[in-house]
Each structure stands twice: as structure tokens, then as C-alpha cells.
1. How high is the relative contact order of the range 27-212, given as a whole-number percent (alpha carbon pairs under 8 Å, six or more residues apart)?
2. Mind computing the radius of gyration and Dmax over the alpha-carbon atoms of the range 49-148? Å is fine for both.
3. To the nearest 20 debye, what charge dipole does the range 220-288 have about its Cα centre, counting +1 at the Cβ of each Lys and Arg and -1 at the Cβ of each Asp and Glu?
4. Is there a quick way to get the dipole size of the range 82-175? I mean about its Cα centre, with the Cβ of Lys and Arg at +1 and of Asp and Glu at -1; what is the value in debye to the nearest 20?
5. Hey, could you get me the Stokes-Einstein D for the range 49-96, Kirkwood radius over alpha-carbon pairs, 4 °C and 1.567 mPa s, rounded to whole µm² s⁻¹?
6. Among the chymotrypsin sites (Phe, Trp or Tyr not before Pro) within the range 79-176, which fall in a DSSP loop and have no more than 13 other Cβ atoms within 10 Å of their own Cβ?
7. Among DSSP beta bridges whose residues both lie in the range 220-288, state the antiparallel percentage, nearest 5.
8. Relative contact order for the range 186-238: what percent, with Cα pairs under 8 Å and sequence separation of 6 or more?
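No value in this document is a laboratory result; all are computed from the given coordinates. Since the structure is predicted, the reported quantities are computational estimates derived from the model, not experimental observations. Quick reminder, even Gly has a Cβ in these numbers, built from the backbone with ideal geometry, and neighbours come from all protein chains shown.
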Amino acid sequence: MKQRTSKIGFIAILAIFLVSLFIQPAQNSFTIISYGLEEVKSENFDHSYSTYNSLLNKYVKNAKVNYEGFIDSRAEFKTFLKALGSVNENDYEGWTEEQKLAFWINAYNAFTIKAIIDHYPIKRSFSLVGIFYAPSDSILQIKGVWTKLQFRAAGKMVTLDEIEHETLRKKFNEPRIHMAINCASISCPDLSDEAYVPERLEQQLAQASINFINNPDKGVFVNEQNGKVKFSKIFKWFGDDFINNYGSKKLFNNYSLKQNAVLNFTTNYLESQQTKEYLMNNKLKIDYLGYDWHLNEQKDAMPPSS
């Protein structure tokens, strides 16, 4: 009888767990976030991103984000988000390539911050990923964060995945976007403490690439003792995006086209001449770094007093 009771208890617990996989807490609902229902002319759009830039200056330090600070400045942040949504699609088409690219990089990063603060503090979700894979404070705990949450930008509703894959990757021949957009995690490229702006976009993308490539914890780690080089998994996932711009330089002939492109890109932004020469003169074993999905927050940050 005792054994039968234990078996029934186990089945009941298992049933509750399986049901919980399909039931999300309120914080993980598929919220549609709609901003900027009124359209404005493009000449009124602030391409200097002064409001957003001010918030980044205040709340981003050493690639870590004070999300409580963004919550404290929610009204100011919402004003900027409204501006992104208020741009008329036809006016957007008249912008320069630099204006468009800066717009979408900033939109992606700002909407990611918005998703975090709307679910902050992040709690573990009842899902296989949430329980067995993702850290308890990870963006991965927000169900549908990239595919279901919607935001208004340039006259349409978009998800983060649509911005990244349908707009940034498809419509711009610029693989360095992967160094600029931030997924709110430790292993992501740094969230810049300033907004991307059209007139300095080339310089900013170059600096973002330098910062990432020369960070051995998340960009590129070279071990000259055993001939191994470990790249961020971003290059595993999106390495093909670098082929068009960096795959034609035949400095690395004994690798796949994708690896050749990534190695060319890497040596282009490595600051150590010694490491650069090592990569170019040795047959390397290529591997990938682990990806830390913990939230990129300032643990000891306190919102500024009003």
C-alpha cells in the first residue's frame, strides 16, 4: 500500500510539472507593447538620440546595466520609445543608410531593455529551458522575448527577431551589427554607454568590434600553448554573415569559408600584433567559448535619488 501511494504521489507530481510547462506566470505573457500611435515627420526625429543617450550614460557602466535606474526613469524612457514608434514608414525610406542602421541598432537594444524592465526582477519560468538550462535571472526566462513580444518602430509592429534577422541581417551589408546589438546577457557584446548615431556610426561599430574581439572572456581566446583558438558562439551562429565582407582575403586557406571569414575579421580588430601573427602563421584548432546567459545587470546598483 505504501509503495502504491508513493507511485501515485510521483505520478501526481509529474503531472503537475508537465502541466506547468504550458502555463506561464503573468510576467511571461505575450504582451504586445505599442508605442507611437501618432506618426510624425522624419525631420522631427532626433537622430542624435539625446534622450536615449542620456539614459545610457546614466545607467550603463562597464557593459553592465542598472535596470532599476531605467525603471526609475521609465517616463523618460517611454518618451524615447514613443519616438521610435512614431516614425512614418515613408519618411523612414528617405533616410540615409547610416540613419537607418543606427535607428535599428538603437531600437533593438532599447526594446531589449524594455523587455527586461517589464519583467524585472526576472523569475524562473516553468519550462524546460527555464528550469534546466537558463540561469534564474536570464532573459531566456521571458517566454517569447524574441519571437512574441512586439514593439512599434518605423510604422510597424516588430519582434526582436524580426529586427535582427529580417532587417539588420538582411537589409544591411554590415556584419558588425553582431558586435553592437545586445541580448542582455554577460556573454553578449557590450551594451554601449552611448547611442549609435549616423555621423559616427563607422567609428562606433569599429570600436564595438575592438572591444569584443579583444575580450578573451567572451570574444576571442587564443591559447598559444596548445594551438587552440576559441571564438564567441556568435561566430558559430552567425559566421556566414561575415563571408561577404571578410571571406575573400585568403590569409587562412586551410579552413572553411566561414572560418576564414571569421579569422580575417578577428585579425582586422585584434590589438596584439603578436597574437595576430600567431593566428596567421599557425594551423589552429577552432572551438567556441561557453555562453553565459546571466543577466548583464549591475548587482549593487541603486537607482539615483529623485
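1. Working: 276 pairs, mean separation 57.6, N = 186.
Relative contact order here is 31 percent.
2. 15.6, 47
3. 200
4. Values: 12 positive and 12 negative charges, 97 e Å.
For this selection, approximately 460 debye.
5. 107
6. Tyr133
7. Antiparallel bridges make up about 50 percent of those DSSP assigns within the range 220-288.
8. It rounds to 26 percent for the range 186-238.
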